1. What are the residues whose amide H is under 5 Å from the amide H of LYS183, where those residues sit 5 or more places off or on another chain and H is modelled from the backbone?
2. Among rounded, prolate and oblate, which fits the stretch 161-237 when a ≥ b ≥ c are the square roots of the eigenvalues of its C-alpha gyration tensor, a/c under 1.5 means rounded, and a/b larger than b/c means prolate?
3. According to the Kirkwood expression over distinct Cα-Cα pairs, how big is the hydrodynamic radius of the stretch 219-265, in Å?
4. Could you state the angle between the C-alpha long axis of helix 27-40 and the longest principal axis of the C-alpha atoms of the chain, as a value from 0 to 90 degrees rounded to the nearest 10?
5. Tell me which GluC sites (Glu not before Pro) from the stretch 258-333 have a DSSP coil assignment and no more than 16 other beta carbons within 10 Å of their own.
6. Report, in debye and to the nearest 20, how large the dipole of the stretch 224-342 comes out about its Cα centre when Lys and Arg carry +1 and Asp and Glu carry -1 on their Cβ.
7. Could you tell me the relative contact order of the stretch 168-252? Use alpha-carbon pairs under 8 Å, at least six residues apart, and round to a whole percent.
8. What number, rounded to the nearest 500 deg cm²/dmol, is the helix-based mean residue ellipticity at 222 nm of the chain, given -39500 (n - 2.57) per DSSP H run of at least four residues and division by all its residues?
Amino acid sequence: MAHQSPQHTAVHPLAGRSAWLITDGKMGMDVQVRGVADALGVIAQAKRVAPSGAYRLLAPWGPAPRRETFGNDGLFHPPWPDIAIATGRLSIPYLRALRKKAGIRTFSVYLQDPRMGSRVADLVWVPEHDGLRGTNVITTLTPPHSFSGARLAELRSTIPAAIAALPGPRIAVILGGKNGVYKYTDACDDRLKASLRDLAKLGASFMITPSRRTHERLLRQVREATADAPRILWDGNGENPYPHFLAHADLLVVTADSVNMCGEACATGKPVYIFTPSGGSDKFARFHNALNTHGATRSLPEHLDTIPHWSYQPIDAAGRIAAAIEDRWHKRKTMLGSLHQC
């Protein structure tokens, strides 16, 4: 189903043009391609791929299953899009096949390091903490997402009654969980509990949202730490209030394990405390050091005797990536126009 970006305005030269968003359907990937599409103002259509067997095992180097996906009744068929934005290794064979089919008709973008060089697309984005560089590579501090300054301003223009009833300062607590890099021990859970308990004693209210990776003990510790404070704790039922939590928080506490969640928090311009569990990696360390150097984040102390405030320039990764796409699109259009005149 096509999606009309909310940023369809005259200031975006690609506004209203067609775009395919190619992912394997993982939420974190969909968030990134959707963020760039929204910043461009394109009419976007999700193309979620699910290769199986040898096609899955051989990705990204192998071919796409063309009979199933590039036939007249397949997932990919003309008219070809103006823009194709892909991410994830499983999307690469499809992006490569699309480029052969559509030629210069489609401007291709790949998000994240493809692990096979930058020639996989016309433009490649990687976060600054990755090592890939090239003439067609752009980097930003955080991944792209849909929480632009305009969207946050729109969310702030009205406030849900439940959030309005919370006394300030309002603290958004955004919980991730265990992954292949970070290991949450009981001691880690207890550290977060101690920090939140001190913030509660200082008069804060809380807006808490877990993720699918949040383990029960961590959530229980968070519940106990904030039990005596005014709070909203989303239990997974009904509409996720996460966008309103971002927009109306005076301060945010985010677990270090999610690059996407940390990036979205740093789009607000509000102070962001990062809670770091055990584990980690050099790549995550570079990412968090960069956010700290930017002035967006600080490490969450185990004990606090005051609720601090600091400010910084909100990070708009999707806007920067969109601007790079628009610039290269314009240069290509100008070059093709010159060739036609020769």
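1. Under 5 Å from the amide H of LYS183: SER278, GLY279, GLY280.
2. Numbers: a/c = 2.46, a/b = 1.52, b/c = 1.62.
Oblate shape, in that a/c is at least 1.5 and b/c is the bigger or equal ratio.
3. Details: mean 1/r = 0.0811 Å⁻¹.
Over the stretch 219-265, the inverse of the mean reciprocal pair distance is 12.3 Å.
4. 70
5. On the way: sites: GLU264, GLU302, GLU326; in loops: GLU302.
For GluC sites (Glu not before Pro) across the stretch 258-333 that sit outside H, G, I, E and B with at most 16 neighbouring Cβ atoms in 10 Å, the list reads GLU302.
6. On the way: 10 positive and 13 negative charges, 190 e Å.
With only Lys, Arg, Asp and Glu charged at Cβ, the dipole is about 920 debye.
7. Numbers: 117 pairs, mean separation 38.1, N = 85.
So the answer I get is 45 percent.
8. Details: 12 runs with 125 residues, N = 342.
Dividing the helical sum by the residues of the chain leaves -11000 deg cm²/dmol.
The values are calculated or read from the model by the stated rules, or taken from the named source; none is laboratory data. Quantities reported herein were computed from a predicted structural model and do not represent experimental measurements. Using ideal geometry, Cβ is built from the backbone for each residue, glycine included, and neighbour counts are taken over all protein chains shown. The accessibility values were calculated without ligands, DNA or RNA, using every heavy atom of the protein model including side chains. Shrake-Rupley method; radii C 1.70, N 1.55, O 1.52, S 1.80 Å.
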